[in-house]
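Novice: One structure, pasted below without further comment.
The values are calculated or read from the model by the stated rules, or taken from the named source; none is laboratory data. Because the structure is a prediction, the values reported are computed rather than measured. Methodologically, a virtual Cβ is constructed for each residue, glycine included, from the backbone with ideal geometry; neighbour enumeration extends over all protein chains shown. We work out accessible area using only protein heavy atoms, side chains counted, and drop any ligands, DNA or RNA first. Shrake-Rupley method; radii C 1.70, N 1.55, O 1.52, S 1.80 Å.
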Amino acid sequence: MGDRVKVTDLDKLALLYERFRDVCIVEKEVWKEIFMPRDVTQGPVRTNIQDRYEVEIDDPAIDDTLDANIPRGSAALGAAIQEYRQHISFYRKT
């Protein structure tokens, strides 16, 4: 397994929480891995290259709560993710 780097940047975390919510709504389950377009500071952008992030939820009860909020829609799931964001960690695979 590759090295992992915990994401701590607040702007990046905000994007990851939003992406996590969207992926869960579309796929109807709590996902443990999400993809984000790769950040490119200069040069041409290859749209087929994405960064891979592992999602860790440190409490099974919170995992169940998030799963239960999926059928309630994006707003409910987003509120639950915000409520429990301290228990949700993202690790970028290198």
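Novice: Test each condition in (1) under 10 Å from the mean Cα position of the chain (by Cα); (2) at pLDDT 80 or above; (3) open to solvent by less than 50 Å² (accessible area, probe 1.4 Å) for Met36 and report the one that comes out false.
Specialist: With (1) under 10 Å from the mean Cα position of the chain (by Cα); (2) at pLDDT 80 or above; (3) open to solvent by less than 50 Å² (accessible area, probe 1.4 Å) applied to Met36, the lone miss is (2).
Novice: Right, here's the next one. Can you find even one residue in region 5-14 that is farther than 16 Å from Ser89 by Cβ and either surrounded by 11 or more Cβ atoms within 10 Å (Cβ to Cβ) or at pLDDT below 85 (or both)?
Specialist: no
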